[in-house]
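Following: one structure in C-alpha cells, then a few remarks.
The values are calculated or read from the model by the stated rules, or taken from the named source; none is laboratory data. As the structure is a computational prediction, the values presented were derived from the model and not from experiment. Neighbour counts run over all protein chains shown; Cβ positions are idealised from the backbone, glycine included.
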Amino acid sequence: MMDHYYSEEPDVPLRTKTIEVMIRGERFRFITASGVFSFGKLDRGTELLIESMILDERWKILDLGCGYGAVGITASRFVRYVIMTDVNRRAIQIAKKNLKINGVKNAEVRWGSLYEPVRGEKFHSIITNPPVHAGKEILREIVINAPRHLHDEGLLQLVIKTKQGAKYIKGLMEENFAEVRELAKGSGYRVYAGIA
C-alpha cells in the first residue's frame, strides 16, 4: 500500500501549521501536520460533516480515523464524552496536543486500526471522514462493523465525495442499517447517517 495519512508511520518529514477555525458557532485552534490528513486547512468534507453531524449532550461518540482531531474536538463541546482513534501515530500525537490547546477534558485519543482500540465498547454515534484512498475494503469494514459498536438506534455518520464512492457507501449502509438519511450535500460531498 502506498504511504499516506492512513499509514502507521508517515514517511514525510514533520512540518506543522496552526490554523484557527470558527465552526458550529465555536472557535478552535488546531495544529495540523504533514503526513496527517488535510495539512494546513480544514478540509471541505470534514467541515460539512462537522456542521451537519447530529449530536446530543448525553452521548459518548467515537471519532474514527481522527487525524488531527477536528471532528472529535468540535463534538466534545456538545456531547458527554469522545474517544478519538487513528492508525497514524503522528496523527495521535497531534490530536493529543490539540486536545490540550483547546482545553478539552472530556475526550481521549487512542492509537490503533479501525475498531481495535475500542473492542467491546459501544457508542451513541460513530463519526468519520473515512480514508477513501485506503481502498474499498477499509470502507467496507468501517460500515459493516459499525453496528456492533453502536447502541440501539445509534448512528454511523460519515462524509464521502459524491464522485468517489458515495453510491457504494450508501448501498453498504442500506444493507447494514435500519435506515439511512442524507444529512447534507455540497461542494461535491455527501453526509450520510445510518441508524442501527
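Does any residue of the stretch 178-190 turn out to be in contact (Cβ under 8 Å) with a residue 12 or more places away in the chain, over 15 Å from the mean Cα position of the chain (by Cα), closer than 22 Å to C66 by Cα and in a loop (DSSP other than H, G, I, E, B)? Checked against the condition, which is being in contact (Cβ under 8 Å) with a residue 12 or more places away in the chain, over 15 Å from the mean Cα position of the chain (by Cα), closer than 22 Å to C66 by Cα and in a loop (DSSP other than H, G, I, E, B), the stretch 178-190 yields at least one hit. Of all residues in the stretch 108-166, those that are touching a Cys at 6+ places or on another chain (Cβ under 9 Å) and either farther than 22 Å from I50 by Cβ or aromatic (F, W, Y) (or both) total 0. Taken together, the criteria exclude T18 from residues that are at pLDDT 95 or above and closer than 26 Å to A166 by Cα. For Y5, the conditions (1) crowded, with 18+ Cβ neighbours inside 10 Å; (2) within 22 Å of G188 (Cα to Cα); (3) at pLDDT 95 or above all hold with the exception of (3).
Filtering V21, V104, V71 for residues that are touching a helix residue (DSSP H, G or I) at 6+ places or on another chain (Cβ under 8 Å) and part of a strand (DSSP E or B) leaves a single hit, V21. Of these, I160, I126, which one is touching a Leu at 6+ places or on another chain (Cβ under 6 Å), surrounded by 17 or more Cβ atoms within 10 Å (Cβ to Cβ), modelled with pLDDT of 95 or more and among the β-branched types (V, I, T)? One residue alone meets the criteria, I126. In this structure, A91 qualifies as touching a Cys at 6+ places or on another chain (Cβ under 8 Å) and either among the hydrophobic types (A, V, I, L, M, F, W, C) or on the phi < 0 side of the Ramachandran plot (or both). Quick one: how many residues across the stretch 41-68 are over 18 Å from Y189 (Cα atoms), among the charged types (D, E, K, R) and in a loop (DSSP other than H, G, I, E, B)? Summing the residues that are over 18 Å from Y189 (Cα atoms), among the charged types (D, E, K, R) and in a loop (DSSP other than H, G, I, E, B) in the stretch 41-68 gives 3.
Here is a yes/no grid of residues against (1) part of a loop (DSSP other than H, G, I, E, B); (2) out of contact with any strand residue (DSSP E or B) (no Cβ under 9 Å at 6 or more places or on another chain); (3) over 17 Å from N88 (Cβ atoms):
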| residue | (1), (2), (3) |
| --- | --- |
| L114 | yes, no, no |
| P117 | no, no, no |
| E121 | yes, no, yes |
| I126 | no, no, yes |
| E137 | no, yes, yes |
| R140 | no, yes, yes |
| E153 | no, no, yes |
| V159 | no, no, yes |
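Summed over the stretch 24-40, the residues that are surrounded by 15 or more Cβ atoms within 10 Å (Cβ to Cβ) and either among the β-branched types (V, I, T) or assigned to a strand (DSSP E or B) (or both) give a count of 6.
Filtering I61, I50, I73, I19 for residues that are surrounded by fewer than 21 Cβ atoms within 10 Å (Cβ to Cβ), at negative phi and among the β-branched types (V, I, T) leaves a single hit, I19.
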